[in-house]
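Everything below concerns the one structure shown next.
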Amino acid sequence: MGGAPRVVVKTGQGLPDLDWKGELADLTDVFPYLGPTWLGASEKALTDLQPWHTVASRARGELALLPGYVMTTPPVVDHEPRTYLGWQAPTGEEVCCGAQTDACISGEVDALGTEPFFPALLLGSPLGYRTEVAYNFWTPSLMAQLVSELVPAAFEQGIKCVVAPWISGRSGNDAIVTALQQVGGHSTFWGYEDYLRLDADSWDGHLAALPLKKRQRIKSDVRRAEAAGVRVERVDGEAIRPYVTRIAELTCLNREKNGAGEEPAHIVDVLTALLDARADVRAYLGTKDGALVATCVVIRKHHRLFPKWAGFDYAAIGERSGIYFALVLDAPVRDAYAEGLRTVEFGAGAHQAKALRGCSPRPVTTAMVVSDPELRPQVAKWMDAFGASRRVAFGDAPAATRTPLPVVSGGSGACCSDG
């Protein structure tokens, strides 16, 4: 008998048994943050989150993974579903690239307490800030089938809220948003992630193709970095290991400066796991007067580079040294051109600064569905207000209605991706 092989979906699963070499072979085009190497390390670091993955299989060796984590109590703000309704944590912490929130809405959400939202299921990679399916086969209904099976199964297990915070506008991901809406969810604008296609024949060709102002900005970044007296070098693989702790410290300093929180131990655990797996990891190190004052960690997977963590000792280098751009934007792109790569995926954070230096944006969407049907209309209103405030912060609101709501990441570094 003919016909397509049957797709089998299972919820509440552990991670597939794949090492880094297996990921390269079987999950070739998947972001590294969505593979078992990264997720396995995250699960060891985030012990308060319970793995609850949705896995689809078809025929031999064909799989699709939508990561999920159950949160029984309120977690850090980036993982907290109420944050995406405009709720402000009492600690003052803000979601990555956060915008000012409406105090009245925050109070309304807070008045409900945690009971309507917890236990919650976070879809995606918590330390990778991506809600996406890792797959090596595709059908037109794959995304819808995963979501349509996982949401009822989660609610049957007592989950009160399913949140998909970071759905990138990459091709095909709109099906995740649509599927969550079809099971009673709502979606809103979260922000942008930035990437750079390497369309020129070289770094010099890349600069020459940029508009004059963007080209001048990049050259100015390099001059300012040199004037700051910071020496930049790149180390790869095992040579990174002696610097892992300092990299984590500097990265968390950067996140703390931008209003978000992450523990150095999380970065140490994940970076060490990548090194143990012999992933292609590079670190750009900036030293001044013998001290390591700036770092940027980059992962290569096939034809793409992924700058992930960046950190800076601003007390040593100042706020406007240009080191961020020289270390995070320029150095990886130079090397990517030298290696003949196709794309540099910068992720979220410092969106406007990246756009001014030639990057292109993808929108990122947050979707959420609560188990209580009566609460859903109110959740939709809160999410719409949250999305509107994010658009203002990212400069998308009409000039006549725009108010000065700062993007927390500013121009000095990102908070959930590359520093």
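So the values come out like this:
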quantity	calculated
The lone exception for P363 - which of (1) assigned to a helix (DSSP H, G or I); (2) surrounded by fewer than 22 Cβ atoms within 10 Å (Cβ to Cβ) it fails	(1)
Top-ranked residue of region 309-341 - restricted to ones that are open to solvent by less than 20 Å² (accessible area, probe 1.4 Å) and part of a loop (DSSP other than H, G, I, E, B), ranked as nearest to D201 (Cα to Cα)	L341
Among the residues listed as T272, T287, the single one being among the polar types (S, T, N, Q), in a strand (DSSP E or B) and touching a residue at least 12 places away in the same chain (Cβ under 8 Å)	T287
Test for G124: is it on the phi > 0 side of the Ramachandran plot, buried (at least 17 other Cβ atoms within 10 Å of the Cβ) and not aromatic (F, W, Y)	yes
Residue satisfying condition, being exposed (fewer than 14 other Cβ atoms within 10 Å of the Cβ) and out of contact with any strand residue (DSSP E or B) (no Cβ under 7 Å at 6 or more places or on another chain), within set D236, D204, D221, D174	D204
Subset of region 285-308 [open to solvent by 10 Å² or more (accessible area, probe 1.4 Å) and either closer than 23 Å to G229 by Cα or hydrophobic (A, V, I, L, M, F, W, C) (or both)]	T287, K288, D289, G290, A291, L292
So I240, is it at pLDDT 90 or above and either of a type in the set (A, V, I, L, M, F, W, C) or assigned to a strand (DSSP E or B) (or both)	yes
Residues of region 177-195 classified as part of a loop (DSSP other than H, G, I, E, B) and open to solvent by 20 Å² or more (accessible area, probe 1.4 Å), total	2
Residue within region 123-140 that is outside any helix (DSSP H, G or I), charged (D, E, K, R), within 23 Å of the chain's Cα centre (by Cα) and at pLDDT below 95 present	no
Any hit, region 156-165, residues being in a helix (DSSP H, G or I), open to solvent by 50 Å² or more (accessible area, probe 1.4 Å), out of contact with any helix residue (DSSP H, G or I) (no Cβ under 6 Å at 6 or more places or on another chain) and not hydroxyl-bearing (S, T, Y)	yes
Positions within region 377-390 being basic (K, R) and surrounded by 21 or more Cβ atoms within 10 Å (Cβ to Cβ), in sequence order	R390
Where S371 falls short, out of the listed (1) open to solvent by 10 Å² or more (accessible area, probe 1.4 Å); (2) over 30 Å from K160 (Cβ atoms); (3) among the small types (G, A, S); (4) in contact with a Lys or Arg (Cβ under 9 Å, 6 or more places away or on another chain)	(2)
Any hit, region 52-59, residues being at pLDDT 90 or above and touching an Asp or Glu at 6+ places or on another chain (Cβ under 9 Å)	yes
Qualifying residue in region 56-72 (condition: among the aromatic types (F, W, Y), closer than 24 Å to G347 by Cβ and either open to solvent by less than 10 Å² (accessible area, probe 1.4 Å) or free of Cβ contacts under 8 Å to residues at least 12 places away in the same chain (or both))	yes
Selected residue (criterion: nearest to the chain's Cα centre (by Cα)) from residues of region 88-105 that are within 16 Å of M383 (Cβ to Cβ) and either modelled with pLDDT of 95 or more or assigned to a helix (DSSP H, G or I) (or both)	I105
Within region 317-334, considering residues that are among the charged types (D, E, K, R) and touching a helix residue (DSSP H, G or I) at 6+ places or on another chain (Cβ under 9 Å), the one farthest from Y33 (Cα to Cα)	R320
Candidates E149, E115, E108 - the one that is open to solvent by 10 Å² or more (accessible area, probe 1.4 Å), touching a residue at least 40 places away in the same chain (Cβ under 8 Å) and part of a loop (DSSP other than H, G, I, E, B)	E115
Residue tally, condition of a type in the set (A, V, I, L, M) and assigned to a strand (DSSP E or B), over region 342-360	2
Pairs with Cβ under 7 Å, 6+ apart, first in region 5-17 and without any contact (Cβ under 8 Å) to a residue 60 or more places away in the chain, second of a type in the set (A, V, I, L, M, F, W, C) and surrounded by 13 or more Cβ atoms within 10 Å (Cβ to Cβ)	V8/A56; K10/V55; Q13/V55; L15/L39; P16/V55; P16/L63; P16/L65
Residue selected from region 25-41 under the condition over 26 Å from S148 (Cβ atoms) and hydroxyl-bearing (S, T, Y), by the criterion least open to solvent (accessible area, probe 1.4 Å)	T37
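The values are calculated or read from the model by the stated rules, or taken from the named source; none is laboratory data. This one's a predicted model, so the numbers in the text were calculated from it and none came from an experiment. As a convention, Cβ positions derive from the backbone with ideal geometry for all residues, glycine included, and neighbour counts pool all protein chains shown. We work out accessible area using only protein heavy atoms, side chains counted, and drop any ligands, DNA or RNA first. Shrake-Rupley method; radii C 1.70, N 1.55, O 1.52, S 1.80 Å.
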